[in-house]
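**Student:** First, the structure itself, so that you have it in front of you.
Please treat every number below as a calculation from the coordinates, not as lab data. Nothing here was measured: the structure is a model prediction, and the numbers come from that model. Note that each Cβ is placed from the backbone with ideal geometry, even for glycine, and that neighbours are counted across all protein chains shown.
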Amino acid sequence: MKISDIRIDYSLKSLDVSDVLNSPIDQFKIWFQEALDAKVLEVNAMCLATINKNGQPNARIVLLKGVDSGFLFFTNYNSTKGQELADNPYVAATFYWAELERQVRIFGKVEKVTENESDEYFFSRPYSSQIGAWVSPQSQPIKNREFLVERENKLQEQFSPETIKRPENWGGYRILVNEMEFWQGRPSRLHDRIHYSLDETNTWKIVRLAP
């Protein structure tokens, strides 16, 4: 089969402006719960796009770890994404839930979460993940996998589950949203797209976009 011949006709659900809540974050929480109920695989996986110094987009999958006034994720601040966010805090993020024929697009600016918030999440992680945050010089070239294994062994000797602490270069970001779009697949490629944007009065404007 040719790649160009791959097609899926979407017909599970529909979406209209009258169906959504006034806040896109509240609407996201409803869709996220429905995705959980549908047992969507890796439901909290989102494609996060940043921009480097040369204006080149850079995208990767990260895991959503909370929703409050924004969308939370955690990483190594010295990683490529961390360096790009330090240079340009504006991002885009996308969720795709194939089982529900849905996509959510998020646009906004990141801020670092507080140290207390980073600590709270870090110490909620399994010990192996806590050690992993120390082991990996994320995005830096390494000679081989044995380098990581050796560092892991040494750090396990240095830190027990009771004595480990959060690395200073590891923590969270919150995406503060200024636009969001909810996409529902429909037949004949006439998909439903409901778009939110903040106006000058900090009020959400909601419109339907052509597919």
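**Student:** Put +1 on the Cβ of each Lys and Arg and -1 on the Cβ of each Asp and Glu in the chain; which of 207, 176, 142 then has its Cα farthest toward the positive end of the dipole?
**Tutor:** 142
**Student:** Please report the projected area of the chain's Cα convex hull averaged over all directions, in nm².
**Tutor:** One quarter of the hull surface, i.e. the mean projection, equals 15.6 nm².
**Student:** Helix 145-158 against the longest principal axis of the chain: what's the angle in degrees, Cα atoms only, rounded to the nearest 10?
**Tutor:** 70
**Student:** Follow-up question, since we're still on this one. What GluC sites (Glu not before Pro) does region 114-196 have in DSSP loop regions with at most 14 other beta carbons within 10 Å?
**Tutor:** Sparse-neighbourhood loop GluC sites (Glu not before Pro): 162, 168.
**Student:** Roughly what would the spin-label model give for residue 54 and residue 145, points 7 Å off Cα along C-beta, in nm?
**Tutor:** In this crude spin-label approximation the distance works out to 3.1 nm.
**Student:** Where Rh denotes the Kirkwood radius from the mean inverse Cα pair distance, what is Rg over Rh for region 1-77?
**Tutor:** Rounded to two decimals, Rg over Rh is 1.05.
**Student:** Related question: Per q in 0.12, 0.21, 0.22 1/Å, what log10 I(q)/I(0) does a Debye calculation on the alpha-carbon atoms of region 127-194 return?
**Tutor:** -0.56, -0.92, -0.98
**Student:** Taking only Cα atoms and a 10 Å spring cutoff, compute GNM fluctuations for the chain and point out the largest among 159, 107, 182.
**Tutor:** 159
**Student:** If you don't mind, another one. Using a Gaussian network model of the chain whose springs link C-alpha atoms within less than 10 Å, name the residue from 164, 194, 142 with the highest mean-square fluctuation.
**Tutor:** Looking only at 164, 194, 142, the largest GNM fluctuation is found for 142.
**Student:** Which one, 87, 199, 26, has the greatest fluctuation when you compute a Gaussian network model over the chain with C-alpha springs under 10 angstrom?
**Tutor:** Result: 199 has the largest fluctuation of those listed.
**Student:** To continue, here is another question. Which value, in debye to the nearest 20, describes the size of the charge dipole of the chain about its Cα centre when Lys and Arg Cβ atoms bear +1, Asp and Glu Cβ atoms bear -1, and nothing else is charged?
**Tutor:** 620
**Student:** Residues of region 159-187 with amide nitrogen under 11 Å from the 7 Å Cα-to-Cβ point of residue 8?
**Tutor:** The answer is 185.
**Student:** While we're on this one: Report the longest stretch of the chain that contains none of the trypsin sites (Lys or Arg not before Pro) sitting in a DSSP loop with at most 13 other Cβ atoms within 10 Å.
**Tutor:** That would be 54-142.
**Student:** Helix 24-37 sits at what angle to the longest principal axis of the chain, using alpha carbons and giving 0 to 90 degrees rounded to 10?
**Tutor:** 80
**Student:** Roughly how many Å is it from the Cα centre of region 1-43 to that of region 153-171, as a whole number?
**Tutor:** The two parts, judged by their Cα centres, are 39 Å apart.
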